[in-house]
């Protein structure tokens, strides 16, 4: 489509021999950051969310080994287009912090091409995001699965605190963040908890927008393909009135962008 741009591979962590497990890529994403995005879906995740719509990305064995050099060459073919479209590259998954060395190297290479960079993460592995990785990250899409610690563990199988620690690390560094919240009836729809989350997000100072994402069943078939028991088989999407009420909570705390 577009000629590759030249880039250099200088850091020890971006040597051509460094490989990662890539589940898939999308060349024209429109919802995972500003503008049109080249999205890299990495394999592997530390959470096991009940409502996960991409369970196939949760397991490393479902990824294909690719080198940093190979990935940057592919991204480079779209670089001019992405810049002209006000976009960039988003590293998603799974969770990009599950493979921090590979993620760090991809981010470095993308910045050398002059591209806007973004990571889409739960923040549970935020301790893997070192100074070098964050220095090359322009935006973080942070998924906070629930506000109540007990409910968070029920939803994900893991504790909430690491995600909050990561959010506060981003805030301290002034790295812009978009907060994502999946609204699941009977699971993450407690308005008191959502209000507390909205207050917390407003206090961070670096949250630019909030996307309230109504639960859907579009990923249900993937659970079946993987022969996994899907715990939300009979859960219906939230009623529009509930979704609007939740978005209004975030709006009252200063977040105008609460749709997706």
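A few points about this structure:
- Condition check for residue 211: within 28 Å of residue 138 (Cβ to Cβ), assigned to a loop (DSSP other than H, G, I, E, B) and out of contact with any helix residue (DSSP H, G or I) (no Cβ under 8 Å at 6 or more places or on another chain): no
- Hey, residue 90 out of contact with any helix residue (DSSP H, G or I) (no Cβ under 7 Å at 6 or more places or on another chain) and not in a helix (DSSP H, G or I) or not: yes
- Summed over region 176-207, the residues that are part of a loop (DSSP other than H, G, I, E, B) and more than 23 Å from residue 233 (Cβ to Cβ) give a count of 3.
- Looking across region 226-249 at every residue that is free of Cβ contacts under 8 Å to residues at least 60 places away in the same chain, in contact with a strand residue (DSSP E or B) (Cβ under 8 Å, 6 or more places away or on another chain) and not in a loop (DSSP other than H, G, I, E, B), the one that is surrounded by the most Cβ atoms within 10 Å (Cβ to Cβ) is identified as 247.
- Residue match in region 189-205 (condition: buried (at least 19 other Cβ atoms within 10 Å of the Cβ), at pLDDT 95 or above and touching a helix residue (DSSP H, G or I) at 6+ places or on another chain (Cβ under 7 Å)): yes
- Counted residues, region 109-132 - those being surrounded by fewer than 24 Cβ atoms within 10 Å (Cβ to Cβ) and assigned to a helix (DSSP H, G or I): 7
- Boolean, residue 69 is over 10 Å from residue 19 (Cα atoms), more than 15 Å from the chain's Cα centre (by Cα) and surrounded by fewer than 19 Cβ atoms within 10 Å (Cβ to Cβ): no
- Single condition residue 27 does not satisfy, out of (1) within 19 Å of residue 104 (Cβ to Cβ); (2) modelled with pLDDT of 90 or more; (3) surrounded by fewer than 21 Cβ atoms within 10 Å (Cβ to Cβ); (4) over 16 Å from the mean Cα position of the chain (by Cα): (1)
The values are calculated or read from the model by the stated rules, or taken from the named source; none is laboratory data. Given the structure is predicted, the values throughout are model-derived calculations rather than measurements. Quick reminder, even Gly has a Cβ in these numbers, built from the backbone with ideal geometry, and neighbours come from all protein chains shown.
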